[in-house]
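Inspection log for the structure reproduced underneath, given as structure tokens.
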Amino acid sequence: MKKIGILGSTGSIGTQTLEVVRNNRDIQVTALAAGSNIDLLEQQIREFKPGLAAVWSKEKADDLRIRVRDLPVRVVSGMNGLMEAATKGDVQILVTAVVGMIGIRPTIAAIKAGKDIALANKETLVTAGHIIMPLIRSYHVRLLPVDSEHSAIFQCLNGERENRISRILLTASGGPFRGKTREEMKDIQVEDALKHPNWSMGRKITIDSSTMVNKGLEVMEAHWLFDVSMDEVEVVVQPQSIIHSMVEFEDGAVIAQLGTPDMKLPIQYALYYPQRRYLPGERLDFSKLTEIRFEKPDLENFRGLALAYEAGRTGGSMPTAFNAANEKAVSLFLNRRISYLEITDIIEGAMREHRFISDPGLEEILETEQEVYQYIESRW
């Protein structure tokens with residue numbers, strides 16, 4: 001029996017992970033952690049019967065504790081609760097599906113506790129890759145990517161680790177506004193940006209996909225995961241989301257991973273790696289697939305991707321400034337306090353104002369996040 005913990009169990013990746021658990025009888029969920037959706041978390045506790053459940057808010061945790069007092073589950077709260085869920089003794093694989101830099105501390109704690117990490121929290125590597133990757137090697141645990149694109153690259157590299165990568169071709173759908181100019185995007189509303197053409201995702205990542213910031217974060221994540229330079233990761237727009245990413249080797253051979261846009265595939269692959277298992281769902285029908293289109297990304301109108309490359313090449317604390325500014329800007333946009341185009345304006349402004357640190361420790365990373373938040377709050 002494989003025992004897992006899930007941080008972010010009520011979000012998009014968390015709920016799909018639990019779908020994978022339902023489809024298999026040899027996974028036991030022993031720890032769940034969520035932000036504030038205790039209605040759904042209560043349902044999950046009753047169905048999957050974990051021994052530990054964590055909620056961010058103490059008041060919500062107190063409420064949940066009363067609701068599930070008939071069950072043998074311990075309810076904890078805050079960062080300490082999140083850390084306890086991440087390091088619970090019987091957890092073998094920790095699925096890190098929380099959104100944002102809140103995932104860094106529990107991921108580090110889980111690695112030090114000897115847990116394999118199924119990583120869906122890209123901010124962990126974007127801001128602290130220089131800390132995380134040496135820890136992975138030092139504690140001899142596995143880091144298994146859950147993002148569709150990074151899982152695709154991981155699959156393409158199976159049996160190829162000794163061969164030199166020429167470049168990684170990271171695919172992008174282009175989002176709902178592909179082909180539009182900044183002038184055409186100036187009046188975009190929240191509802192427009194939340195309509196992704198292919199994928200069903202959480203609100204924050206859906207906005208990130210529409211601005212192409214998400215793809216920039218994925219470029220930085222790929223840099224750490226696969227030990228390549230930023231310039232060896234090339235973004236290719238593939239609107240149908242059929243090719244999830246590709247790897248080109250030094251002899252010119254290109255290996256691609258194809259499939260329908262279904263996040264349960266990379267989740268299940270991470271949980272059972274290196275084994276593949278049957279997964280219910282739609283299959284590609286090549287008799288109906290008349291073409292696969294490719295385009296270059298538009299770095300002029302989607303400046304978030306260009307700024308991500310700049311942040312990644314600069315390194316140090318600059319990716320943290322980029323990421324924190326985006327998190328705050330997207331929150332402001334979702335709350336209708338800024339316009340759509342101001343998201344990238346805020347990111348650029350924060351990067352220009354940032355006090356650069358070449359080799360930040362964990363506390364400096366978290367301090368940078370707060371400094372960026374304060375900068376934005378003082379101006380918007």
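Express the Stokes-Einstein translational diffusion coefficient of the chain in µm² s⁻¹, to the nearest whole number, given a Kirkwood radius over alpha-carbon pairs, 25 °C and a viscosity of 0.890 mPa s.
115
Please report the antiparallel percentage of DSSP beta bridges with both residues in segment 36-164, rounded to the nearest 5.
Here the share of antiparallel DSSP bridges comes out near 0 percent.
In Å and whole numbers, how far do the C-alpha atoms of segment 150-275 stretch along each principal axis, longest first?
So the extents along the principal axes, rounded to whole Å, are 50, 31, 23.
Which distance in nm do the two modelled labels at His130 and Asn335 give, with both placed 7 Å along the Cα-to-Cβ direction?
Taking the simple label geometry, His130 and Asn335 are separated by 3.2 nm.
Say a paramagnetic label sat at a point 7 Å from the Cα of Glu363, along Cα to Cβ; which residues of segment 131-166 have their backbone N under 15 Å from it?
none
So what are the three principal axis dimensions of segment 299-341 from its Cα atoms, in whole Å, longest to shortest?
32, 23, 8
Which one, Asn24, Asn214, Asn326, has the greatest fluctuation when you compute a Gaussian network model over the chain with C-alpha springs under 10 angstrom?
Residue with maximal mean-square fluctuation among Asn24, Asn214, Asn326: Asn24.
Rounded to a whole number of µm²/s, how large is the Stokes-Einstein D of segment 71-201 at 37 °C and 0.692 mPa s, given Rh as the Kirkwood radius over C-alpha pairs?
Details: Rh = 17.5 Å.
D, rounded to a whole number, is 187 µm²/s.
Under 10 Å, Cα contacts only: if you run a Gaussian network model on the chain, which one of Asn158, Asn80, Asn37 comes out with the highest mean-square fluctuation?
Among Asn158, Asn80, Asn37, the largest mean-square fluctuation in the Gaussian network model of the chain belongs to Asn158.
Give the Rg (one decimal place) followed by the Dmax (whole number) of segment 1-138, computed from C-alpha coordinates and expressed in Å.
14.0, 44
DSSP beta bridges in the chain, what fraction antiparallel, as a percent rounded to 5? Please report the intermediate quantities before stating the final value.
Working: 10 of 40 bridges.
DSSP beta bridges in the chain are roughly 25 percent antiparallel.
Which lysines does Lys58 reach when only Cα atoms under 22 Å apart count, and residues fewer than 8 places away in its own chain are ignored?
Filter leaves Lys49, Lys88.
If the chain between Glu191 and Glu47 were fully stretched, how many nm would it gain, using 0.36 nm times the residue separation less the Cα-Cα distance?
Full-extension gain reported as 48.6 nm.
Show the residues, 5+ positions off or on another chain, whose built amide H is closer than 5 Å to the amide H of Ala118.
So Ala118 has HN proximity to Leu94, Val95, Thr96, Leu144.
I'd like to know which of Thr206, Ala306, Asn23 lies farthest towards the positive end of the charge dipole of the chain, counting +1 on Cβ of Lys and Arg and -1 on Cβ of Asp and Glu.
Final value for the positive-end residue is Asn23.
Which value, in debye to the nearest 20, gives the size of the charge dipole of segment 336-380 about its Cα centre, when Lys and Arg are +1 and Asp and Glu are -1 at the Cβ?
320
Please report the equivalent ellipsoid semi-axes of segment 205-300, computed as sqrt(5 x eigenvalue) of the Cα gyration tensor, largest first, in whole Å.
23, 18, 16
Spelling out what I want: for every residue of segment 331-336, take phi, set θ = phi - 60°, compute 6.51 cos²θ - 1.76 cosθ + 1.60 (Karplus), and round to whole Hz; glycine and proline get x.
Per-residue couplings from phi come out as 4, 4, 5, 4, 8, 6 Hz.
Give the Debye-formula value of log10 I(q)/I(0) at each listed q (0.21 Å⁻¹), with one equal scatterer per alpha carbon of segment 248-305, two decimals each.
-1.04
Give me, ordered by chain and number, the residues 5 or more places off Gln28 or on other chains with an amide H under 5 Å from its own placed amide H.
Distant-sequence amide H within range of Gln28: Lys2, Lys3, Ile4.
What is the magnitude of the charge dipole of the chain about its Cα centre, with +1 placed on the Cβ of each Lys and Arg, -1 on the Cβ of each Asp and Glu, and no other charges, expressed in debye to the nearest 20?
1320
Sticking with the crude label model, points 7 Å out along Cα→Cβ, report the distance from Lys296 to Lys58 in nm, one decimal please.
With each label placed 7 Å out from Cα toward Cβ, I get 5.6 nm.
Between Arg276 and Arg203, what FRET efficiency follows from the Cβ-Cβ distance if R0 is 25 Å, with the result rounded to 0.05?
0.20
Could you pull out the GluC sites (Glu not before Pro) across segment 209-252 that fall in loop regions by DSSP (anything but H, G, I, E, B) with no more than 13 other Cβ atoms inside 10 Å?
Details: sites: Glu218, Glu221, Glu232, Glu234, Glu248, Glu250; in loops: Glu250.
Sparse-neighbourhood loop GluC sites (Glu not before Pro): Glu250.
For segment 32-101, state which trypsin sites (Lys or Arg not before Pro) are in a DSSP loop and have at most 14 other beta carbons lying within 10 Å of their beta carbon.
Passing sites in segment 32-101 are Arg69.
Once you keep just the Cα pairs under 8 angstrom separated by 6 or more residues, what percentage relative contact order results for segment 16-167?
After rounding, I find 15 percent.
Using a probe radius of 1.4 Å on heavy atoms only, what accessible surface per residue do you get for the chain? Whole Å² is fine.
43
If you roll a 1.4 angstrom probe over the protein chains with everything in place, what fraction of the accessible area of segment 53-110 belongs to carbon and sulfur, to the nearest %?
Details: 1400 of 2530 Å².
C and S fraction of accessible area: 55 percent.
Sequence gap at least 6, Cα distance under 8 Å: using those rules, report the relative contact order of the chain to the nearest whole percent.
It comes to 15 percent, rounded to a whole number.
Looking only at segment 138-286, where both bridge partners belong to it, what percent of the DSSP beta bridges are antiparallel (to the nearest 5)?
Working: 9 of 14 bridges.
Antiparallel: roughly 65 percent of the beta bridges in segment 138-286.
Charges on Cβ only, +1 for Lys and Arg, -1 for Asp and Glu, centred on the Cα centroid of segment 161-244; of Val228, His244, Val190, which one is farthest towards the dipole's positive end?
Working it through, the farthest residue towards the positive pole turns out to be Val190.
Using only the Cα atoms, work out Rg/Rh for segment 25-92, with Rh taken as the Kirkwood radius, to two decimals.
A ratio of 0.94.
Per q in 0.15 1/Å, what log10 I(q)/I(0) does a Debye calculation on the alpha-carbon atoms of segment 134-187 return?
Relative scattering, expressed as log10 I(q)/I(0), comes to -0.67.
The values are calculated or read from the model by the stated rules, or taken from the named source; none is laboratory data. Because the structure is a prediction, the values reported are computed rather than measured. Here Cβ is always computed from backbone atoms with ideal geometry, including for glycine, and neighbour counts include all displayed protein chains. To get the accessible areas, we keep the full protein, side chains included, count just its heavy atoms, and leave off ligands, DNA and RNA. Shrake-Rupley method; radii C 1.70, N 1.55, O 1.52, S 1.80 Å.
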